[in-house]
1. For region A:258-283, which residues satisfy the criterion of being within 10 Å of chain B (Cβ to nearest Cβ) and of a type in the set (K, R)?
2. Would you tally the residues in region A:174-226 being more than 15 Å from the chain's Cα centre (by Cα), β-branched (V, I, T) and over 19 Å from A:E111 (Cβ atoms)?
3. Exactly one of these conditions fails for A:S98: (1) closer than 30 Å to A:F292 by Cβ; (2) small (G, A, S); (3) not in a strand (DSSP E or B). Give me its number.
4. Restricting to region A:259-288, what's the tally of residues that are in contact (Cβ under 8 Å) with a residue 24 or more places away in the chain and either in a strand (DSSP E or B) or of a type in the set (G, A, S) (or both)?
5. Residue check, A:G301 against (1) touching a residue at least 24 places away in the same chain (Cβ under 8 Å); (2) buried (at least 19 other Cβ atoms within 10 Å of the Cβ), all met but one. Which one?
6. Looking only at region B:122-177, count every residue that is touching a Gly at 6+ places or on another chain (Cβ under 9 Å), polar (S, T, N, Q) and within 30 Å of A:W257 (Cβ to Cβ) and tell me the total.
7. Have a look at B:F99, B:F81, B:F90 and point out the one that is hydrophobic (A, V, I, L, M, F, W, C), assigned to a helix (DSSP H, G or I) and free of Cβ contacts under 8 Å to residues at least 60 places away in the same chain.
Amino acid sequence: MLFRRNPQLTHADVTPKHLYVNRRKFLKDTGLAGAALLVGGGLWELAAPPKAHAGTKLNGVLKSPFSTTEKQNTYDDVTHYNNYYEFGVDKTEPARNSHTLKTDPWSVSLEGEVKKPRQITIDEILKLAPLEERIYRHRCVEAWSIVVPWIGYSFSALAKLVEPTPQAKYVAFQSVYDPKQMPEARYAGIEFPYVEGLRLDEAMNPLTLFCVGMYGENLPNQDGAPVRMVIPWKYGFKSAKSLVKIRFQKEQPATTWNRMAANEYGFYANVNPTVDHPRWSQAKERRLGEFFKRNTLMFNGYADQVASLYTGMDLKKFY
Amino acid sequence: MRKIFLSKWTKAVVFVACLLPLGSLGWDALHNGLTANPIEYITHTTGDWTLRFLLITLVITPLRKILAPELIRLRRMLGLFAFFYGCLHFLTYIWLDKFFDLAEMWKDIYKRPYITIGFLAFTLLIPLAITSSAGWIRLLGGRRWQILHRAIYISAVAGVIHYYWLVKSAVIRPLTYGAIVGVLLLWRLADRFWPRSGAMQAALKSQP
C-alpha cells in the first residue's frame, strides 16, 4: 500500500501557530539581520531569553476596550530603552541608575484650583478605582514607538476626588527631583524638576491614564515608578514619570521641554505625521523590534477618541 | 620610547587596536547588547568612533613635534580608520535607516541641516582617503597634497557641528569634542606664528 495508514503524528508535531504565521517575517528579518551583521550589525532577532520581572504583581486588573490588539513589545525592551533624563541621557542608563530612587513611602500632592486639596499615598492611589490594563501605542518624539500593557485608571477618577473648581483650565504634572538620588541629572542639560501639562479637557479624556503598573506588575523605577501619566495620543515626553505633584490651575503651565526649545517641543505635542520636528521627520517611526519603519498615525491612531478636542485649531501652529 | 614607535610591531598592534570598536559592536550584536533599537545604537557608535578617530589623527601632528617624530608612521592609518568608521556610519544610515532610498536621502540632506553638515564631513574625507598613498603624494607634490589634506580640519569641525545639532539637550558631549578640536587647531595656528625656540628646533633636527 502506498499510503501509510498511521503516520503517528501527534499534537506535538503541529508547527506552533506563532511560527507558521510569522514564518515569512522570520525569514525576512533573519535574512536582513544576517546581512546587517556584515557591517557589524545585529542578530537581535536571536534575543536572549526574557529576564525575570522584578515587580510586585497587581491583582484584579480588568481588561479595557481601549486596548490595541497589536503585538506588545517585550518587557525587556520597555525596561532597557528609556528616556528618563534624571538618570542619564542614554537610553540604557535609566535601567542601570534608577535603582537609587526610593519609591516607598510615596505620596502625591493634589493642589491648586480644587475644592479638596490633599496628599494621596500610593496605597490610596492603588485602591481609588478599579485597575485596568490598557495596551497602548506609545510614540516618542524621537521617532521610535512601542506597545505597552500599562495598568491604571482614567485620570478623571483622580480629578473627581479633589473636585476641580470652575477656574481650573489646565493641569500641571511634576516629577520627583532629588539630586542625591539622581546624581546623573546634572549632565542632562534640562531643568528639573520635570514639569508637564495638559488642558483640563485633555486630562479628563478617558484615554488619559493615571498609571501605576505595566505587564501585570507595579512600575519599575526606570519606567516612572510608582505612578506616572500615560497620554497615548501625545509624544512620550508629555507623559511625566514618578509624579509628586499635580496642580490644577488657570494658566497654561510652563513645561520642561517647551521651555528648553519652544520651536521643537510644543505644549500640545500631539502625535502628528504632517508636522515635522524642525530637525527630523515625524512621518514615520521605528517600532522597537521591527526592521522597517512604519507610518506614523494621526494622534497616534487615537483620532476617533481625541480629534474632537482640537476642532478649529491649527495643529501646525499648536504643535 | 622611540624604539617602541619604530618597532615594526607598533603598526600591527595599533591596527588591531583600531578594530576593537568594530569588534565590540560585533560582540554586542551576538550578545543581545545592541539595545532595543539596534539601528540607532549602531549609528551612534560608528558616528562616535568616526569623530574619535578624526581627533586621534589630528593629535598626531602636535604629538610628533613635541614627543617623537616617528609617530608620523601612524597618521595615515589612523586617518584611514576615521574614514573606515565614517563609511560604516554612512552605510548604516543609507542602508539600515534609509534602505538605499536615494530620493529620501537627498531630501534629508537638503532639508535637515545636521544631515547636510554630516554628509559634508563625510564626503570631504573621500578625496583624502583616495590620495593617502605615497604615489599620490608624489603625483600631487608635497605642498599641494598638504593643502588638500587640510580638509580634515573642516571635516572635524563639521563632524562636531553634526553631533551638536543632533542632540536634544545633552550638549556636553559634542562640546567636549568641539573643545578638543579647538585646542588642536589652535595649537597649529600657534605653531605656525610662534615657532618653538631655536634650541628646541635644533634638538628636533639633531634627531635621526
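1. Result: A:R279, single match.
2. Number satisfying all stated conditions: 1.
3. Only one criterion is unmet by A:S98, namely (1).
4. Result for region A:259-288: 10.
5. So the condition that A:G301 fails would be (2).
6. 1
7. Just one listed residue meets the conditions, B:F90.
Rundown of residues vs (1) modelled with pLDDT under 95; (2) farther than 30 Å from A:R286 by Cβ; (3) among the basic types (K, R); (4) surrounded by fewer than 16 Cβ atoms within 10 Å (Cβ to Cβ), yes/no style:
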| position | (1), (2), (3), (4) |
| --- | --- |
| B:I60 | no, yes, no, no |
| B:I72 | yes, yes, no, yes |
| B:F81 | no, no, no, no |
| B:H89 | no, no, no, no |
| B:D101 | yes, no, no, yes |
| B:M105 | yes, no, no, no |
| B:D108 | yes, no, no, no |
| B:F122 | no, no, no, no |
| B:P127 | no, yes, no, yes |
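The values are calculated or read from the model by the stated rules, or taken from the named source; none is laboratory data. Predicted model, so just to flag it, every value in this text is computed and none were measured. Every residue, glycine among them, receives a Cβ derived from its backbone with ideal geometry; neighbour counts consider all protein chains shown.
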